[in-house]
Each structure stands twice: as structure tokens, then as C-alpha cells.
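Quick notes on the structure that follows.
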Amino acid sequence: MPGQLDGKVVLITGGGSGIGRATALRVAREAAKVMIADYVSEGALKTVAMIKEAGGIADCIAADVSVPGQVEAMVSKTVATFGRIDCAFNNAGIAGPGGGARTANYPEEGFDQVIAINLKGVWLCMKCEIPQMLKVGGGAIVNTASAAGLIGLPGACAYVAAKHGVVGLTRTAALEYAQKNIRVNCVCPGFIRTPMLERGLDAGRLSVEQINAMEPVGRMGTPEEIAESVLWLMSDAASFVTGHPLSIDGGYVAR
């Protein structure tokens with residue numbers, strides 16, 4: 001029985017761990033050919049190995065999504081390797097400086113870095129991906145925003161600004177390319193147990209108990225739960241969905 005993405009080529013940034021890796025493994029099980037991009041090449045190589053061990057098709061490239069030349073090289077390698085790009089998951093991102101500094105005390109260097117990777121990086125990816133999708137008659141893009149792209153979060157002004165920006169970019173691109181058969185959506189995860197969140201736990205900024213108490217369902221989410229939603233947004237099952245920021249947060253923003 002063919003998979004939901006049978007024959008499709010999927011490009012995933014931040015695919016070396018967490019939500020990116022879980023999504024890469026999930027779409028590969030649906031017969032997609034997957035290009036993994038990550039700033040940490042070891043993580044990307046591990047994801048590729050996991051896909052191949054399961055009988056899937058994948059390759060990888062090291063890329064910093066805040067650097068235009070590296071994004072161009074990432075897209076070029078995907079097309080050179082697999083011939084096209086049908087779907088993209090622009091997922092690479094960072095949390096930014098720790099410590100929960102308020103807006104007036106937030107370090108400028110950290111602010112610039114968060115905006116460069118989490119917001120400009122998404123734009124750079126779409127800037128290179130969309131022309132390739134136009135060549136093949138359409139495609140589906142999913143960007144990673146956050147629950148923090150829908151509400152405020154004290155102590156994370158750069159992250160919140162970037163993720164709100166991702167929602168805006170998503171909606172704008174969706175309108176621009178709606179009649180070109182390119183759908184653009186974003187996912188807005190809540191607290192998901194990823195390496196990035198684990199680093200916050202290790203630093204003592206939050207505890208598992210505190211996070212669980214903030215989630216109406218009483219627990220954190222898993223990367224695999226986000227991957228299922230990304231797969232759906234990429235698939236023909238979501239053919240009438242575009243410009244949508246999808247909350248996957250256990251009810252966090254519904255409070």
C-alpha cells in the first residue's frame with residue numbers, strides 16, 4: 001500500500017534531533033525521500049542512518065539557516081540528489097540566551113541571533129524552496145512556530161517576537177501562493193520534551209512538575225505527536241488547509 005507521501009521529496013531543517021528527527025522518521029515511513037539539514041552534522045548523519053536502517057531513503061547536509069549561501073546550498077543539494085522538492089519542514093531554531101532576562105535587560109547579541117535563526121532563517125528557506133516548488137507545480141511548506149507565536153511569554157522576548165513573525169510569514173506566503181498550488185502552514189507546539197527543553201530543565205529554569213502543571217492535559221508533548229501533525233499538513237488530507245497556525249499544545253494557549 002503506498003504511503004501518504006509516496007514519491008515525494010521532503011526537506012527538513014533542524015532534522016538532527018527532537019521534532020525534526022521525529023518528523024523525518026515519520027515521513028520516511030510514508031515513502032518520502034528525505035533531505036536532512038542541521039547545523040550539527042553528527043545529528044543529521046544519525047537521523048539519516050536511522051531512516052536507512054528502517055529501509056527508507058535519506059541524505060543530509062550541514063547548514064546554518066541564518067546564512068543565505070548555506071540555505072541555497074541546502075536546497076541545491078536536495079534538488080541535485082532527489083530531482084525536486086515537494087514538501088519542506090522549516091523547523092530549525094534555538095531558544096536563545098537563558099536566564100529569563102526581561103525585555104529591557106535582554107542581550108542584543110542574543111536577540112539578533114534568535115531573530116536570525118528562528119525568523120530570518122524561515123524566510124530564507126521559503127525564499128529558496130518556493131521557486132523549486134513552482135517548477136514542479138506546487139508543494140506544501142510547514143514552518144515551526146510555537147505556542148509562543150500566539151501568546152506572550154515573559155523572559156523570552158526574542159523567541160516570542162521571532163515565533164510571532166513566523167506566523168505572519170506563514171500567513172503572508174500562504175496568500176501569495178494559494179493559486180500556485182503551494183500550501184503554507186505552521187505548527188505551534190507547546191511544551192515538547194526535546195533536547196532544547198531538556199537543556200532548560202538541566203539549567204533549573206523550570207521543572208517537569210511546573211511544566212506539567214501549566215499544561216491542561218497534565219503532561220508535556222512528544223516530538224512524535226508534532227510529527228503526526230506535520231505529516232498531515234504535508235499530505236493531501238490537508239489539501240484545503242493553508243495559512244493556518246496549528247496549536248499542538250495540550251490546551252496551553254486555550255487558558
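Numerical summary
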quantity: Positions within the stretch 111-167 being under 25 Å from Gln179 (Cα atoms), in contact with a strand residue (DSSP E or B) (Cβ under 8 Å, 6 or more places away or on another chain) and outside any helix (DSSP H, G or I), in sequence order; calculated: Gly138, Gly139, Ala140, Ile141, Val142, Asn143, Thr144, Ala145
quantity: Contacts under 8 angstrom Cβ, first residue in the stretch 5-25 being under 14 Å from Leu45 (Cα atoms), partner among the charged types (D, E, K, R) and surrounded by 22 or more Cβ atoms within 10 Å (Cβ to Cβ), 6 or more apart; calculated: Thr13/Asp38; Gly14/Asp38; Gly15/Arg21; Gly15/Asp38; Gly16/Asp38; Ser17/Asp38; Gly20/Asp38
quantity: Any hit, the stretch 158-174, residues being farther than 29 Å from Val75 by Cα and among the basic types (Lys, Arg); calculated: no
quantity: Some residue of the stretch 196-218 being surrounded by 17 or more Cβ atoms within 10 Å (Cβ to Cβ) and without any contact (Cβ under 8 Å) to a residue 24 or more places away in the chain; calculated: yes
quantity: Qualifying residue in the stretch 70-89 (condition: outside any helix (DSSP H, G or I), closer than 20 Å to Thr222 by Cα and either over 18 Å from the mean Cα position of the chain (by Cα) or at pLDDT 95 or above (or both)); calculated: yes
quantity: Failed criterion for Phe240 (all others in (1) over 20 Å from the mean Cα position of the chain (by Cα); (2) under 30 Å from Gln132 (Cβ atoms); (3) assigned to a helix (DSSP H, G or I) hold); calculated: (3)
quantity: Odd one out for Met196, checked against (1) in contact with a helix residue (DSSP H, G or I) (Cβ under 7 Å, 6 or more places away or on another chain); (2) of a type outside the set (Val, Ile, Thr); (3) more than 23 Å from Val27 (Cα to Cα); (4) assigned to a helix (DSSP H, G or I); calculated: (3)
quantity: Selection within the stretch 26-40 - touching a residue at least 60 places away in the same chain (Cβ under 8 Å) and touching a strand residue (DSSP E or B) at 6+ places or on another chain (Cβ under 7 Å); calculated: Val27
quantity: Selection from the stretch 75-95 of residues that are surrounded by fewer than 24 Cβ atoms within 10 Å (Cβ to Cβ), small (Gly, Ala, Ser) and in contact (Cβ under 8 Å) with a residue 12 or more places away in the chain; calculated: Gly83, Ala95
quantity: Residue count for the stretch 29-68, restricted to those that are out of contact with any helix residue (DSSP H, G or I) (no Cβ under 8 Å at 6 or more places or on another chain), part of a helix (DSSP H, G or I) and not basic (Lys, Arg); calculated: 7
quantity: The stretch 104-128 residues that are closer than 19 Å to Val187 by Cβ, paired with ones that are among the aromatic types (Phe, Trp, Tyr) (beta carbon under 6 Å, 6 or more apart); calculated: Val114/Tyr159
quantity: Residues of the stretch 6-26 satisfying the condition of being in contact with a Lys or Arg (Cβ under 9 Å, 6 or more places away or on another chain), part of a loop (DSSP other than H, G, I, E, B) and either at pLDDT below 95 or not polar (S, T, N, Q) (or both); calculated: Gly7, Lys8, Gly14, Gly15, Gly16
quantity: Tabulated pairs, the stretch 41-53, first touching a residue at least 60 places away in the same chain (Cβ under 8 Å), second surrounded by 15 or more Cβ atoms within 10 Å (Cβ to Cβ) and assigned to a helix (DSSP H, G or I), C-beta under 9 angstrom, 6+ apart or interchain; calculated: none
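The values are calculated or read from the model by the stated rules, or taken from the named source; none is laboratory data. Keep in mind the model is a prediction, meaning the values are calculated, not measured. All Cβ positions, glycine included, derive from the backbone under ideal geometry; neighbour counts span all protein chains shown.
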